[in-house]
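Input: a single structure, listed below in C-alpha cells.
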Amino acid sequence: MPDSIPIAVLGASGYSGIELLRLLLRHPQANLVAVTSRQLAGRALSDEFPRFRGVGVADSLRFTAPEVSALVQAGVKVAFLALPHGVSLQFAAPLLEAGIRVIDLSADFRLRCAKRYAEFYDHEHPCPQWLDKAVYALPEWRPEQIRTAQLIACPGCYPTSILLPLLPLMREGLISPEPLCISSMSGASGAGRKESVPLLFCEVQNSLRSYSVPVHRHLSEITQELELAAGRPVPLSFVPHLVPCHSGICSTIFARPAAGVDAAAVGEVLQRAYRSQPFVRLLGENRSPDSKNVVGSNFIDIGWSMDQRSGQLILMSAEDNIGKGAAGQAVQNFNLCHGLAPTEGLLNI
C-alpha cells in the first residue's frame, strides 16, 4: 500500500467541506495536514465540529488562513477546494504553479468555453487559460484523464444525477434529437451553509418550490457534456426544486427514444456502461430510486421506464448532493489519481 498522501481542504466550513472532512479523516491513505477558513482560523477542527472529536487529527489540527506558501511548507500534495464559485479560481493557479494537485468542487473550471462561463456566471473568467487544462471529472467517464490530471473539476450535484443516466444512451444514439425535459429536487444543503431567509427552517419546512427557472447555472455543464457525448446540439429544459429535507437529489428525465429503442435496449446499454462501476446501482425497469437509500453515501441509484402511451423514455436517479454530488465524488477522483481502489474510504455508510 502506498504511503499516505498529505492533503489540505480549503473552505472546510461549508456543507460539502464538512462532508469532505468526514470522509478524509477516516480515509486510510489521506493525511490531512491543513484545513483553511479565514473565519475559523485558530480554532481546532473538533471545536468547530464536535462530531469529529477523537477522530484522526481533528483534535489537534487547527484552521488556518488560506495561504499557498503555508500549504507548500506543510508538504501538501493535493488540495481540495470546497470554496464558493468565483473564489476557487483565486487559489487554483497559485497552487498548481507550486506543484500541488487541485481537486476543485466549485464550478470555476467545469466549462471548456470561457464565453459560456461568462454567459452563465455573469462575469468573465479571470484565468481562461486553465479551462482547457482542467478535466471535467466524472469518474465513471474519464478515469484515464483523471489519473494524470493536475486540475480536476468535479461535476455539480444536479449534473451528476442527470449525466450518469443519460450519457451512455446519448453516446450510443438511443435518444432522439427532440428536446429533453428534466425535473430535479434537492435538499436545502444544496444552497450552501449561509444565512438566507428563503432557507430558514420555517420557510423550507412543509413547502416545495422550483427556482432558477428557466436558466440554472448547472444547465451549462449538463449541456456541454451531453453534446460531447451525442456529437450534436442537445436542447433541454431543466427545472430544479427545493424540497424540505437536508440532503439528497431526485432527478426525473423525460426523453424521446430513437426509433426502435425499447426498455430492454436501454437496460442493456446502461448495464454495459456501468457493470464495473461500484457506485452506480442500476435498479432496473419500472423501479423508482429513493433518496433515503443513498443519503450519506457515494452511490447513485438509477431506474428507467418506457411510457408507451406518450412514447417517452423516463429515466430516474437519486444521489446525495453533498456525497456523490460533491465530496464523495471528489474523494473518488482522489482515489483514481493515486492508483487506489475507487471505493477506498467511501464504503463507511
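Computed from the coordinates by the stated procedures, all read-outs in this text should not be read as laboratory data. Please read these numbers as outputs of a predicted model, since none were measured by experiment. When we count neighbours, we look across all protein chains shown, and the Cβ atoms used for this are built from the backbone with ideal geometry, even at glycine.
How much of the DSSP beta bridge set in the range 158-321 is antiparallel, as a percent to the nearest 5?
Taking every DSSP beta bridge within the range 158-321, about 65 percent pair in antiparallel fashion.
Given a Förster distance of 45 Å, report the FRET efficiency between His241 and Glu124 from their Cβ-Cβ distance, rounded to the nearest 0.05.
The value I calculate is 0.90.
From a point 7 Å beyond the Cα of Cys113 in the direction of its Cβ, which residues of the range 214-258 have a backbone N at a distance under 14 Å?
Answer for this model: 219-229, 231-236.
Taking K and R as +1 and D and E as -1, what net charge do the other residues with C-beta under 11 Å from the C-beta of Arg287 add up to?
That sum, taken over residues with Cβ under 11 Å, equals -2.
First select every other residue whose beta carbon is under 15 angstrom from the beta carbon of Leu151; then total the charges, Lys and Arg +1, Asp and Glu -1. Don't skip to the end; give the middle numbers.
Values: positive: Lys77, Arg101, Arg110, Arg112, Lys133, Arg142, Arg147; negative: Glu97, Asp104, Asp108, Asp132.
Here the charged neighbours net out to +3.
Just going by the charge dipole of the range 47-109, with Lys and Arg at +1 and Asp and Glu at -1 on Cβ, which of Ala107, Val78, Ala58 is farthest out on the positive end?
Ala58
Amide H neighbours of Arg26 under 5 Å, at least 5 residues apart or on other chains, H built in the peptide plane: list them.
Here nothing satisfies the definition.
Using 0.36 nm per residue of separation minus the Cα-Cα distance, give me the extension gain between Ser176 and Leu228 in nm, one decimal.
Stretched out fully, the Ser176 to Leu228 stretch lengthens by 17.2 nm.
Over the range 212-349, what is the relative contact order in whole percent, taking alpha-carbon pairs under 8 Å and six or more residues apart? Each step should come with its number before you reach the end.
Working: 199 pairs, mean separation 30.5, N = 138.
Reported relative contact order: 22 percent.
What number, in percent, do you get for the relative contact order of the chain if the mean sequence gap of Cα pairs under 8 Å and at least 6 apart is divided by its residue count?
It comes to 17 percent, rounded to a whole number.
For the range 158-321, list log₁₀ I(q)/I(0) at each q in 0.19 Å⁻¹, using the Debye formula over Cα point scatterers of equal strength and ignoring solvent, two decimals each.
So the normalised log intensities work out to -1.23.
For the range 243-314, what proportion of DSSP beta bridges, expressed in % and rounded to the nearest 5, is antiparallel?
50
Show me 117-126, 213-222, 179-188, 338-347 ranked by packing, highest mean number of other Cβ atoms within 10 Å first.
Taking the mean over residues of other Cβ atoms within 10 Å, the ranking is 179-188, 213-222, 338-347, 117-126.
With both bridge residues required to lie in the chain, what share of the DSSP beta bridges run antiparallel, to the nearest 5%?
Approximately 45 percent, going by the DSSP bridge assignments.
So how many Lys-Lys pairs in the chain land under 30 Å Cα to Cα, not counting same-chain pairs under 8 apart?
10
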